[in-house]
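Reading through the structure tokens given below for one structure.
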Amino acid sequence: MKRQALLLLAIVLLGLNLRPALAAIGPLLDRIQRDTGLDHVAASLLTSVPVVIMGLGALACGPLRRRLGDNGGILLGVLLIALASLLRGVLPAASTLLVSAVLAGAGIAFVQALLPGLIKSRFAADSGRLIGFYSCAIMAGAAFGAAFTPWLAQSLGWAWALAGWTLPAQLAAAVWRRAAPSAGASAVASAPPLVAWRWPRAWLLMSFFGIGTAGYTLVLAWLPPYYTALGWSAQASGLLLAALTLCEVVAGLLLSSLLPRFPDRRPLLAAVLLSLLAGLIGLQLAPETLVVPVALLLGVGIGGLFPLSLVVAQDHLDDPRQTADLLAFVQGGGYLIAACAPLLAGLLRHYSTDLSLSWQLMALATLVLMVMAMRFSPPRQQRPLDALTD
């Protein structure tokens, strides 16, 4: 029992470290651009590049699992996050920031690709809810990154404020080394690997995850600069992002607790997508007057959609190994899609100095998600799995 509790603690700590490297950038972006000379497009790469690497790393998790195993791959991932954060303080330059973005993206990818399959194998009876709670830990990490980094920057400077996130990553690595299940305990069933790209449903799940996560990355990267352009301070915009992310965490926790009551996930998907759409509309019409309801609506929408996207995917398969293969494909391609959102917003801001069109495009994408979600009836086998395996 004590070993199980330590493993749960390690999973939470790992989740908490998967977003500060991204979320800490937004509130300080204007200051970073001023000190490093990055333009809007180059600055958008600080969020887009890690997300691209997260996608590519997830797609490459099969060879990583064979070489290092789940435990070693997860440990390598969190150590890369720690190294990326440290580099930002030691060498605070534009080139170093881009290198750290690559390292952070790779580390996040390894953890995200390998950990859900391990959760499925160790907690099979309650894996959906635990993956939901793990997703909430990811969003909580984003809240901490957005809220605390601007305050640290006041006394330490932005570079060492960003570097400070190496400490919780090192803590997570230390706890994981003690808590990680043995190879025999974590080994998954004998089912063959899933060749996800042969399965049309896998492409649908990947597209759904990618478009939904695009909303998350767009808000994460550009909501603080959107409000600083309206006259808000970096601290105030960072607190707004943190408050929004806190709403995401609360919504994710509530939704995760409700999952056993909704084997058909579509009512929950409809609720969170409507909330996201309403928040995006409010963000365009009256961003300052409606700032509180906008934060609540966006938080509920994003906070519910992210874990639901993972849960809906893992619902489709029972075997932990095949579930890990499916989630790697869904996250790999999905993050490549999501990486386009902050980059596109940076391009639009470069030429128009306004982010309103970005919010409008995301609102249209949310309507597409609503149509896609109607297809997610309670999972039934789409075709024999032996036709989708090597």
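The values are calculated or read from the model by the stated rules, or taken from the named source; none is laboratory data. If you're wondering where the values come from, they're calculated on a predicted model, not measured in any experiment. Virtual Cβ from ideal backbone geometry, glycine too; neighbours counted across all protein chains shown. When the accessible area is computed, the model is the full protein with side chains, heavy atoms only, and any ligands, DNA or RNA have been set aside. Shrake-Rupley method; radii C 1.70, N 1.55, O 1.52, S 1.80 Å.
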Euclidean distance between Cα centres, the range 198-234 to the range 319-340, Å: 16
The chain: DSSP helices with Cα axial extent of at least 24 Å and average Kyte-Doolittle hydropathy no lower than 1.6: 40-59, 234-258, 266-285, 291-314, 356-373
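Apply 1/(1 + (r/R0)^6) to the Cβ-Cβ distance of D35 and V102, taking R0 = 30 Å, and write down the FRET efficiency to the nearest 0.05.
So the FRET efficiency works out to roughly 0.90.
Given the alpha-carbon gyration tensor of the range 189-235, what are the semi-axes of its equivalent ellipsoid in whole angstrom, ordered largest first, with each equal to the square root of 5 times an eigenvalue?
For the range 189-235, the ellipsoid semi-axes come out as 40, 12, 5 Å.
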Tail weight of P(r) past 34 Å, computed on alpha-carbon pairs of the chain, percent: 22
Segment R178-L364, length gained on full extension (0.36 nm per residue, minus Cα span): 62.3 nm
Principal axis dimensions, largest first and in whole angstrom, of the range 168-308 by Cα: 57, 39, 30
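Write down the Kirkwood hydrodynamic radius of the range 60-113, to one decimal in angstroms, obtained as one divided by the mean of 1/r over all alpha carbon pairs.
11.3
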Rg(Cα)/(2.2 N^0.38 Å) for the range 96-244, N = residue count: 1.27
Per-pair calculated FRET efficiency, R0 = 30 Å: A271 and A236 via Cβ, rounded to 0.05: 0.50
R266 - accessible surface, heavy atoms, 1.4 Å probe, Å² rounded to 10: 80
Probe 1.4 Å, protein heavy atoms only - accessible area per residue of the range 34-176 in square angstrom: 35
Area accessible to solvent at M362, 1.4 Å probe radius, in Å²: 10
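Quote the FRET efficiency, to the nearest 0.05, computed for D264 versus S356 with a Förster distance R0 of 25 Å and r equal to the Cβ-Cβ distance.
With a Förster radius of 25 Å, E is 0.10.
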Distance between modelled label sites at L167 and D126, nm, 7 Å Cα→Cβ extension: 3.2
Accessible-area ranking of K2, K120, largest first, probe 1.4 Å: K2, K120
